[in-house]
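Below is a structure I'd like to ask you about.
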C-alpha cells in the first residue's frame with residue numbers, strides 16, 4: 001500500500017478498559033467449558049484472529065468459524081479453511097445472515113473438536129452431560145448473530161458496531177449444548193500496520209478515531225489492484241489511475257458529490273466507499289490470503 005497515505009493506527013489508544021477485564025474474565029471461565037469456538041472475519045482471517053486470545057485459550061479444544069463468508073471471496077475462503085485444517089484446527093465457513101454453514105456446526109463440534117472428550121465421557125457413562133462452549137472473537141465479528149441463529153432466538157444483543165456485548169452470558173442452544181458468550185476482545189497494540197488497516201477497513205476499529213479519507217484511499221488502491229472489475233461495476237470507473245487520492249476523487253465525481261466550485265466532497269465519497277465495502281456492495285472480497293502468513 002502507498003507510503004504517502006500511511007495511517008498509524010497502532011499509535012492510537014483504542015484498547016478500552018473493559019477489554020482488559022474481558023481477558024481476565026475469559027481466563028477465569030475457561031475451567032467451566034469443554035472447548036472454545038473462535039469467530040473470525042472471513043475477509044481478514046489472520047488480522048481478525050486475536051493472537052492474545054489464541055494463546056489464552058490454547059489449553060482447550062479449539063475450532064475456528066470463518067463468519068461473514070458470503071461477503072468474502074469464496075476461493076480465498078476455501079484456501080483459509082484448508083490452511084487451518086492442515087494445522088489440525090477444525091474450521092468451518094459460515095454466514096449468520098444466509099445461515100450458510102451453521103447447520104453443520106454442532107456436528108463438527110462433536111465429530112471433530114470434542115470427539116476425544118465425548119468418547120471418554122461415553123466410556124465413563126456421562127453421555128447426558130451437555131457440551132459447554134465458550135464463544136470468543138473480536139468486536140463486530142458477528143458473535144451475537146451466530147448465538148441467536150443457533151439458539152433460534154434473540155438472546156444476544158446485535159448491533160452493527162464494535163463493542164456491544166459487555167458482559168458474559170450463558171445461552172442454552174439445545175438439551176445437549178450451552179454457549180458462554182464473551183465480550184469482544186481486541187489487543188492493546190497492533191505493531192502490524194497492515195493488520196490494523198484491515199481491521200479498520202471492516203469496521204472493527206471505530207471510524208471516529210481514524211482518518212476515513214486516507215483509509216478509503218488505501219482500500220481503493222487495494223481494490224484497484226485485486227478487484228478492479230468490482231470497482232468498475234459499482235462506480236463506473238474505467239481508469240488506469242492507481243493512486244488512492246485520485247480514485248477517491250473519481251468516485252466522488254461519478255456520484256455527483258460536489259461542493260461549490262466543483263470540488264469533490266472527498267469526506268462523503270470516503271464514507272460511501274467504506275460503507276459499500278462493509279455492506280458487500282462491491283462484491284465478495286477478501287483482503288488477505290494464507291500464503292502471506294506461512
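The values are calculated or read from the model by the stated rules, or taken from the named source; none is laboratory data. This structure is a prediction, so every number in the text was calculated from the model and none was measured. A quick note on method: Cβ atoms are made from the backbone with ideal geometry, for glycine too, and the neighbour counts reach across all protein chains shown.
Do we have residue 199 as in contact (Cβ under 8 Å) with a residue 40 or more places away in the chain and either assigned to a helix (DSSP H, G or I) or more than 30 Å from residue 34 (Cα to Cα) (or both) here? Full working, then the answer.
Working: in contact (Cβ under 8 Å) with a residue 40 or more places away in the chain: yes; either assigned to a helix (DSSP H, G or I) or more than 30 Å from residue 34 (Cα to Cα) (or both): yes.
In short, yes.
Let me ask something additional. Specify which of the listed residues (242, 177, 202) is assigned by TED's automatic domain parsing to the domain that holds residue 135 and either touching a helix residue (DSSP H, G or I) at 6+ places or on another chain (Cβ under 7 Å) or crowded, with 17+ Cβ neighbours inside 10 Å (or both). Show your work before the answer.
Working: 242 fails: assigned by TED's automatic domain parsing to the domain that holds residue 135; 202 fails: assigned by TED's automatic domain parsing to the domain that holds residue 135.
Just one listed residue meets the conditions, 177.
Moving to a separate point now. Quick one: which of 33, 37 is surrounded by fewer than 22 Cβ atoms within 10 Å (Cβ to Cβ), in contact with a strand residue (DSSP E or B) (Cβ under 9 Å, 6 or more places away or on another chain) and at pLDDT 90 or above? Show your work before the answer.
Details: 37 fails: surrounded by fewer than 22 Cβ atoms within 10 Å (Cβ to Cβ).
Result: 33 is the single residue among 33, 37 that is surrounded by fewer than 22 Cβ atoms within 10 Å (Cβ to Cβ), in contact with a strand residue (DSSP E or B) (Cβ under 9 Å, 6 or more places away or on another chain) and at pLDDT 90 or above.
Also, quick follow-up: Could you please let me know if residue 37 is touching a residue at least 12 places away in the same chain (Cβ under 8 Å) and not in a strand (DSSP E or B)?
Working: touching a residue at least 12 places away in the same chain (Cβ under 8 Å): yes; not in a strand (DSSP E or B): no.
It is false that residue 37 is touching a residue at least 12 places away in the same chain (Cβ under 8 Å) and not in a strand (DSSP E or B).
Do you know which residues across segment 84-96 are in contact with a strand residue (DSSP E or B) (Cβ under 8 Å, 6 or more places away or on another chain) and either within 16 Å of residue 49 (Cα to Cα) or assigned to a loop (DSSP other than H, G, I, E, B) (or both)?
Those that are in contact with a strand residue (DSSP E or B) (Cβ under 8 Å, 6 or more places away or on another chain) and either within 16 Å of residue 49 (Cα to Cα) or assigned to a loop (DSSP other than H, G, I, E, B) (or both): 84, 85, 89, 90, 91, 92, 93, 94, 96.
Next question. Mind listing whichever residues of segment 117-139 are in contact (Cβ under 8 Å) with a residue 60 or more places away in the chain and in a helix (DSSP H, G or I)? Reasoning before the result, please.
Residues of segment 117-139 that are in contact (Cβ under 8 Å) with a residue 60 or more places away in the chain, as a first pass: 117, 131-139.
117 - this is the single residue of segment 117-139 that is in contact (Cβ under 8 Å) with a residue 60 or more places away in the chain and in a helix (DSSP H, G or I).
Another question, if that's okay. Residue check, residue 256 against (1) touching a helix residue (DSSP H, G or I) at 6+ places or on another chain (Cβ under 8 Å); (2) more than 16 Å from residue 230 (Cα to Cα), all met but one. Which one?
(1)
What is the one condition in (1) out of contact with any helix residue (DSSP H, G or I) (no Cβ under 8 Å at 6 or more places or on another chain); (2) modelled with pLDDT of 95 or more that residue 83 does not satisfy?
Answer for residue 83: the failing condition is (1).
Is there a residue being closer than 17 Å to residue 36 by Cβ and out of contact with any helix residue (DSSP H, G or I) (no Cβ under 9 Å at 6 or more places or on another chain) anywhere in segment 117-140? Reasoning before the result, please.
If we filter segment 117-140 for residues that are closer than 17 Å to residue 36 by Cβ, which is where we start, we get 117-118, 130-138.
The next check asks that each one be out of contact with any helix residue (DSSP H, G or I) (no Cβ under 9 Å at 6 or more places or on another chain); those that pass are 117, 130.
Yes, segment 117-140 has at least one match.
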